[in-house]
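K.L.:
Before I ask anything, let me first share the structure, which is written out below as structure tokens.
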Amino acid sequence: MLKSFLILLLMLLSPFCVTAEYAPATVEMRLKPLTPDVYYVQGKARVATDNQGFVSNAGFVITGKGVIVFDALGTPSLAQKLLALIRSKTDQPVKRVYASHYHADHVYGLQVFKEAGAVIYAPKGVNDYLESETATARLDERRFSLEPWVDDNTILVPPDEIIDSSSSFTLGDKRFTLNFQGKAHSDGDLIMLVEPDKVLFSGDLIFEGRVPFIGNGDTAHWLQTLEKLETGGLHVMVPGHGPASFEPAETIELTRRYLRFMRDTFTAGVEDLQSFDEIYAQTDWSQFEHLPTFADANRINAYQVFLSLEQELLNQ
Ligand SMILES: [Zn+2]
């Protein structure tokens, strides 16, 4: 009798025990509906450690037989807030989480979904990130810059399943197509199409309304990917950052144009043996200067492209 009472007490208390672990994120997070079953939350357009780390997007799909989540936000606290928003719409279990790619602002929330019983999927290449010094250094830095939302209890969750090709599956009344993009924006990128809703989650392959973050991406492959990406018939596209686009073709065109411009500009300069500073100074950046994050990101992006083009030309 006492034992069953204690078990009952534990069951009643356990939801509170689980949720008490993470410092609550108090930043505003609003659920935005895209179709009756597909929602997303939009991170704020600031640097990664502003707004309690809420700078990237995440979305979810209610299928009738469970929930599929795309990306997990930049802290466990934010993921917990997202999970509460999911719970405000459905009691269905979160079956799977797809990580578009392993960058801190998209995956530090994975542990919350793992604890909730979801299976974590990620594109091939994430193990390169997980084993890198960058990953360890970034987590240490975020434990400092995003304290208390990232702390010693925050861990990098490895995926349960690796995706290295493109495939589809059906859950409830939804069909999901996962397209593996290889190394493009990161060491491995993944995008997800949801039908019949015709919603595309693009991760960081597409940035809407701001200068993309190039980092150590492979711009040649990234550009090829975008040039092949079919946008006809899409209802809406959710980028990794910025608002969902109901004009997906135009949105994709901005990222495509930026990458093409960077590559064309620096290919010509590198072939002429010009220095980075010379090429940068003589380039007319006016078509991108008005975009948010231009001042923060453009010169660093340009330098990354310059270095990678030098490397590409050496390898020819
Ligand atoms: Zn990223």
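The values are calculated or read from the model by the stated rules, or taken from the named source; none is laboratory data. A quick note: this is a predicted structure, and the numbers were derived from the prediction, not measured. Backbone-built Cβ (ideal geometry, glycine too); neighbour counts: all protein chains shown.
K.L.:
Which ones in the stretch 71-111 are out of contact with any helix residue (DSSP H, G or I) (no Cβ under 8 Å at 6 or more places or on another chain), farther than 22 Å from Leu193 by Cβ and within 16 Å of the ligand (Cβ to nearest atom)?
P.N.:
Of everything in the stretch 71-111, nothing turns out to be out of contact with any helix residue (DSSP H, G or I) (no Cβ under 8 Å at 6 or more places or on another chain), farther than 22 Å from Leu193 by Cβ and within 16 Å of the ligand (Cβ to nearest atom).
K.L.:
Report, by residue number, each residue of the stretch 265-304 that is surrounded by 16 or more Cβ atoms within 10 Å (Cβ to Cβ), within 15 Å of Asp218 (Cα to Cα) and of a type in the set (Phe, Trp, Tyr).
P.N.:
Phe266
K.L.:
A follow-up question, please. Among the residues of the stretch 163-172, is there at least one that is more than 16 Å from the ligand (Cβ to nearest atom), modelled with pLDDT of 90 or more and in a loop (DSSP other than H, G, I, E, B)?
P.N.:
yes
K.L.:
Also, I was wondering about something else. Please give the strands (runs of 3 or more DSSP E) falling wholly within the stretch 64-126 in which 3 or more residues are more than 12 Å from the chain's Cα centre (by Cα).
P.N.:
Fully inside the stretch 64-126 and qualifying: 94-98, 119-123.
K.L.:
Would you pick out the residues in the stretch 212-225 that are hydrophobic (A, V, I, L, M, F, W, C), within 15 Å of the ligand (Cβ to nearest atom) and surrounded by fewer than 22 Cβ atoms within 10 Å (Cβ to Cβ)?
P.N.:
Passing the criteria: only Phe213.
K.L.:
If you go through the stretch 239-264 one residue at a time, how many are closer than 18 Å to Ile279 by Cα, more than 16 Å from the ligand (Cβ to nearest atom), touching a residue at least 40 places away in the same chain (Cβ under 8 Å) and surrounded by fewer than 23 Cβ atoms within 10 Å (Cβ to Cβ)?
P.N.:
Qualifying residue count for the region: 1.
K.L.:
So, one more: Are any residues in the stretch 173-194 β-branched (Val, Ile, Thr) and within 16 Å of the ligand (Cβ to nearest atom), and if so, which ones?
P.N.:
Within the stretch 173-194, Ile191 is the sole residue that qualifies.
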